[in-house]
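Quick note: the coordinates plus some simple rules give every number you see, no bench work behind them. Not measured: the values here are computed from a predicted model. For neighbour counting, all protein chains shown are included, and Cβ atoms are generated from backbone atoms with ideal geometry for every residue, glycine included.
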Amino acid sequence: MVLMFPTFCLLQDILTKEIIGCGTERGGLYYVDEVAHKGHAMLAYGTVTRQLWLWHRRLRHLSFGYLKILFPSLFTSNTEPIKCETCIRAKNHRVTFLPNNNRVNYAFSLVHSDVWGPTPNSHNNHFHYFLLFVDDFSHMTWVYFLKYKSEVPDKFYAFYQMIHTQFGKKIQVFRSDNSGEFVNKSMQEFFRENGLIHQTSCLNTPQQNSVAE
């Protein structure tokens, strides 16, 4: 919100009512001198620091190093780097996940699964996705190619029966993400009827299903 006065203007946050900027009237026009956010100048006119903020925002939050190349006259030995909260948040990287070497003691007591796709250039072939099963004990891997994601339950039932028939084992714990291919009525009923424990990874925590990921 802009509050207009004969010789100056004020910029006010419409939600918090906080004054975040000001300007002055010169020759019939109002010039915005400064816009601040939490005590930091975000848009300003006049001083060297204010000009750096202005160009930093105009050039899509250009880095301090590139600004120094483009505007060397604005930099001195005492010029402090721009501390932009938006840049810090946007360019922040997630810390690398620590490796987990824990494994179960018996084959098929824990199976990891994930669905990947659609594949690049999948319109040139019949398969758009693939379904992955990984035994946690041996890391033996099975891959099933799919035309549609709706085939996942049928492929899982076939995999479950194959393990039971060929190896004389039953899957005890099944681990996946929270995608609809695994979290649905038919799959949940199958888990309950056959005594399987279905473990799903927490939201935005893919490392919990890292073996299949």
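Please check which bits of the range 176-213 a label hung off His128 would reach, taking the label as a point 7 Å along Cα-to-C-beta and the cut-off as backbone N under 18 Å.
179-182
Nearest 20 debye, what's the magnitude of the dipole of the chain about its Cα centre given +1 on Lys and Arg Cβ and -1 on Asp and Glu Cβ?
360
Using modelled backbone amide H atoms (1.01 Å from N, in-plane), which distant-in-sequence or interchain residues come within less than 5 Å of Cys22's amide H?
Residues meeting the amide H criterion: Leu11, Asp33, Glu34.
Which ³J(HN,Hα) values, rounded to whole Hz and listed in residue order, are derived for the range 82-94 from phi using the Karplus coefficients 6.51, -1.76 and 1.60 in 6.51 cos²θ - 1.76 cosθ + 1.60 with θ = phi - 60°, glycine and proline given as x?
Going residue by residue, I get 6, 10, 9, 5, 4, 5, 4, 5, 6, 9, 6, 10, 6 Hz, with x marking Gly and Pro.
I'd like the Karplus ³J(HN,Hα) series for the range 68-78: coefficients 6.51, -1.76, 1.60, θ = phi - 60°, whole numbers in Hz, and an x wherever there's a Gly or Pro.
Taking θ as phi minus 60°, the curve returns 5, 6, 6, 10, x, 5, 8, 10, 10, 5, 9 Hz for the range 68-78.
In percent, how large is the relative contact order of the range 83-213, given Cα pairs closer than 8 Å and 6 or more residues apart?
23
Taking Lys17 as the anchor, which lysines have their alpha carbon closer than 24 Å to its alpha carbon, excluding any fewer than eight residues away along the same chain?
Straight-line reach from Lys17, under 24 Å: Lys38.
Please identify which residues in the range 131-153 have an amide N closer than 18 Å to a label point set 7 Å out from the Cα of Val104, following the Cα→Cβ vector.
Taking a point 7 Å out along Cα→Cβ of Val104, the residues of the range 131-153 whose backbone N falls under 18 Å are 132-143.
Return the percentage of antiparallel bridges among DSSP beta bridges fully within the chain, rounded to the nearest 5 %.
That works out to approximately 80 percent antiparallel.
Suppose each label sits 7 Å from its Cα in the direction of the beta carbon; what would the Thr86-Thr47 distance come out to in nanometres?
2.1
Show the residues, 5+ positions off or on another chain, whose built amide H is closer than 5 Å to the amide H of Asp114.
Leu132
Along the Cα→Cβ direction, 7 angstrom out, place labels at Glu151 and Phe190. What is the inter-label distance in nm?
Rounded to a tenth, the inter-label distance reads 1.4 nm.
What are the ³J(HN,Hα) values, in whole Hz, obtained from phi via the Karplus relation 6.51 cos²θ - 1.76 cosθ + 1.60 with θ = phi - 60°, for each residue of the range 50-60 in sequence order, with x given for Gly and Pro?
5, 5, 5, 4, 4, 6, 4, 6, 4, 9, 6
Give the aspartates and glutamates reachable from Lys169 as a straight Cα distance under 15 Å; neighbours fewer than 8 places away on the same chain don't count.
Asp135, Asp136
Per DSSP H run of at least 4 residues, take -39500 (n - 2.57); add these up for the chain, divide by its residues and hand me the 222 nm value, nearest 500 deg cm²/dmol.
-6500 deg cm²/dmol
Taking H placed 1.01 Å from N in the peptide plane, check which residues at least 5 places from Leu146 or on another chain put their amide H under 5 Å from its amide H.
His128, Tyr129, Phe130, Leu131
Ranking request for peptides 198-209, 153-164: highest mean number of other beta-carbon atoms within 10 Å first, then the rest in descending order.
In decreasing order of mean packing, 198-209, 153-164 become 153-164, 198-209.
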